[in-house]
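Student: The structure follows.
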Amino acid sequence: MSSQQPQKNIDWKGVALMGTEIGFLIALPLIACILSGIYIDSILSTSPAVTILSVFAGIWLVYVDMKYLIIPILEKSGNKK
């Protein structure tokens, strides 16, 4: 007897949507923070200072967003076993 596990049906549409969501979740806060930092630097004439701070703020926003998106998904998949 062979002990084959049943195949899992993969929802490729859901995978594509989740990938797109994660991509926008990473890109949009970083782009918004960088552009706002450049704009504020041009107004205040503080060339790289605010832009660098806004990059760190964007990275922090991405971390927080990913934390609240990924952790519930991982907890759900861990409970299925």
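Student: Would you be able to tell me the number of residues in the range 25-81 that are assigned to a helix (DSSP H, G or I) and under 30 Å from GLY14 (Cβ atoms)?
Tutor: The total comes to 31.
Student: Moving on. Collect the residues in the range 60-81 that are of a type in the set (Val, Ile, Thr) and surrounded by 14 or more Cβ atoms within 10 Å (Cβ to Cβ), keeping them in residue-number order. Steps first, please.
Tutor: So the first thing to find is which residues in the range 60-81 are of a type in the set (Val, Ile, Thr), and the list is 62, 64, 70-71, 73.
Hit for the range 60-81 is VAL62, nothing else.
Student: Can you pull out the residues in the range 22-58 that are under 30 Å from ILE73 (Cα atoms) and among the aliphatic types (A, V, I, L, M)?
Tutor: Taking the range 22-58 as the starting set, the residues that turn out to be under 30 Å from ILE73 (Cα atoms) are 22-34, 54-58.
If the condition is that a residue be under 30 Å from ILE73 (Cα atoms) and among the aliphatic types (A, V, I, L, M), then ILE22, LEU25, ILE26, ALA27, LEU28, LEU30, ILE31, ALA32, ILE34, VAL55, ALA57 are the ones that fit.
Student: Take PRO29 and tell me if it is under 20 Å from the mean Cα position of the chain (by Cα), at pLDDT below 90 and not β-branched (Val, Ile, Thr).
Tutor: When the stated conditions are applied, PRO29 does not pass them.
Student: List every residue pair whose Cβ atoms lie under 6 Å apart, where the two residues are 6 or more positions apart in sequence or sit on different chains, the first residue falls within the range 23-43 and is without any contact (Cβ under 8 Å) to a residue 12 or more places away in the chain, and the second residue, located anywhere, is surrounded by 13 or more Cβ atoms within 10 Å (Cβ to Cβ) and β-branched (Val, Ile, Thr).
Tutor: Final answer for the pair search is ASP41/VAL50; ASP41/THR51.
The values are calculated or read from the model by the stated rules, or taken from the named source; none is laboratory data. Everything quoted here is computed from the prediction, not taken from an experiment. Virtual Cβ from ideal backbone geometry, glycine too; neighbours counted across all protein chains shown.
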